[in-house]
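Student: Would you mind keeping the following structure in view while I ask a few things?
The values are calculated or read from the model by the stated rules, or taken from the named source; none is laboratory data. Small disclaimer: the values here were computed from a predicted structure and weren't measured. As a convention, Cβ positions derive from the backbone with ideal geometry for all residues, glycine included, and neighbour counts pool all protein chains shown. Just the protein is used for accessible areas: all its heavy atoms, side chains included, with ligands, DNA and RNA removed. Shrake-Rupley method; radii C 1.70, N 1.55, O 1.52, S 1.80 Å.
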Amino acid sequence: YGFGGGVIIAGGTLTLNSCDIYSNIATNYGGSVYITGSSTSVTFQSCQIYSNTASYSGAGVSINHGTVTVNNCGIYSNNAGSGGGVHVSAGTVTLNSCDIYSNTASNDVGSNIYIKSGVSVLSKRTYIFWGVWLNILFLPSSASATTSLASLASTVATNSASILASIPPSTVAST
């Protein structure tokens, strides 16, 4: 499927509890889940999102609009061009007590999380680790890919969040 290999959510309110979303493929965005629509409200509670693929962005979750809350979830082992774990292009996102790790981005852009300009992301007690280059990429609207957190156009607030072990591609041995 082009968008949302597992689930497409385009309006309304949805809560997903204790679910596993895995092994889905999208040829564009949202290998497992694609969320769009400004009035869309989605809550993930105690879910595991893993082993999904998207050719462009957001193999785990791709958020194009709406309000998304992710509580107590694991997002791992997903692969996309950018934003392997989570891709946020518009909307408001809250990550509470999540583990986001071991996701990959074939374009070396935001292996775990990719956040575009003008997006609000609140992270509480969320651990983001073991990304290969740029665990989190913030992309200001007037810039190309950058590693500088000082040039943010997005709003990101953290409360006891950890970002660990980003590894530049030049230090990773190819196999």
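Student: Sorted by accessible area with a 1.4 angstrom probe, largest first, how do C19, C98 fall?
Tutor: C19, C98
Student: Take C19 and T69, extend 7 Å from each Cα along the Cα→Cβ direction, and tell me the distance between the two endpoints in nm.
Tutor: Spacing of the two 7 Å Cα→Cβ label points: 1.7 nm.
Student: For S55 and S38 in the same chain, what is the full-extension length gain: residue separation times 0.36 nm, less their Cα-Cα distance, in nm?
Tutor: Stretched fully, the S55-S38 segment lengthens by 3.7 nm.
Student: Next question. Order these peptides, 32-44, 73-85, by their mean beta-carbon neighbour count within 10 angstrom, highest first. Don't skip to the end; give the middle numbers.
Tutor: On the way: 32-44: 21.1, 73-85: 26.2.
My ranking of the peptides, most packed first, is 73-85, 32-44.
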